[in-house]
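One structure is given below, encoded as C-alpha cells.
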Amino acid sequence: MHFDIFKPVFDIMRDNTLFKLVIIMIVMDVVFGSLRAAKERDFNSSIGIDGGIRKIGMLISLVCLVFVDILCPVNLIGFVPEALREYMHIQDISVMEFFALLYIVYEVLSVLKNMTLSGLPVRRVWITVKGFLKKNTGEFVEIEDKE
C-alpha cells in the first residue's frame, strides 16, 4: 500500500518556515519550562504531560490543516496585521500558516514567562507584554509571577 497522499503534506511542512518556527518554539518552551521547574524544584509530571499533549495536539492540528489547504486553498491574509505582512513580506497565508502564527505567539509568550520565572533578565519585557495582554485581550491573566 502506498501513502502517496502524505508526500505533498510532508513536502509542504518540510519547506514551510512557520511550521519550522512552531517546532523551534515548542523545543524552547520545553527547555525553559524544564529550567524553571528545576530552579523552583517543582517538577510536576501532570503539568508536563498536559503540556506535552497540548504541543502534540498543536503539531497534529497543523498536519491536518495542511490537508485542508490542499483540498480547499484559502488565503487568510486579511486576518494578518499590515505591519506583520510588510515585515514578513507575505502576500498570502494558508489556514495552516495562520494557525502556525497563532501557535508561535502562544509559545513565545510561554517561553518568555518561563525565562522570567527562571531568573533570566527579561522581566521588564514580560511585565510590558503581560500588561498589554491584560489590557487588550484578557489572555494569560491567570499567570502570576513568583518573586
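The values are calculated or read from the model by the stated rules, or taken from the named source; none is laboratory data. No experiment lies behind these values; they were computed from the predicted model shown. Quick reminder, even Gly has a Cβ in these numbers, built from the backbone with ideal geometry, and neighbours come from all protein chains shown.
What the table shows:
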read-out	value
Residue match in region 53-61 (condition: out of contact with any Lys or Arg (no Cβ under 7 Å at 6 or more places or on another chain), assigned to a helix (DSSP H, G or I) and hydroxyl-bearing (Ser, Thr, Tyr))	yes
One residue from Asp11, Asp42 being loosely packed, with under 12 Cβ neighbours inside 10 Å and either part of a loop (DSSP other than H, G, I, E, B) or at pLDDT 95 or above (or both)	Asp42
Search result, residues across region 59-82 that are within 22 Å of Arg14 (Cβ to Cβ), of a type in the set (A, V, I, L, M) and under 20 Å from the mean Cα position of the chain (by Cα)	Leu59, Ile60, Leu62, Val63, Leu65, Val66, Val68, Leu76
Identity of the residue in region 69-84, part of a helix (DSSP H, G or I) and either in contact (Cβ under 8 Å) with a residue 40 or more places away in the chain or among the β-branched types (Val, Ile, Thr) (or both), that ends up surrounded by the most Cβ atoms within 10 Å (Cβ to Cβ)	Asp69
Cβ-Cβ under 8 Å pairs, at least 6 apart or on other chains, region 103-131 side touching a residue at least 60 places away in the same chain (Cβ under 8 Å), far side outside any helix (DSSP H, G or I)	Met115/Val122; Leu117/Asp145; Leu117/Lys146
Region 58-68: number of residues that are within 17 Å of Leu21 (Cα to Cα) and either surrounded by 11 or more Cβ atoms within 10 Å (Cβ to Cβ) or in contact with a helix residue (DSSP H, G or I) (Cβ under 6 Å, 6 or more places away or on another chain) (or both)	7
Among the residues listed as Val95, Val30, Val111, Val129, the single one being buried (at least 16 other Cβ atoms within 10 Å of the Cβ) and touching a Lys or Arg at 6+ places or on another chain (Cβ under 8 Å)	Val30
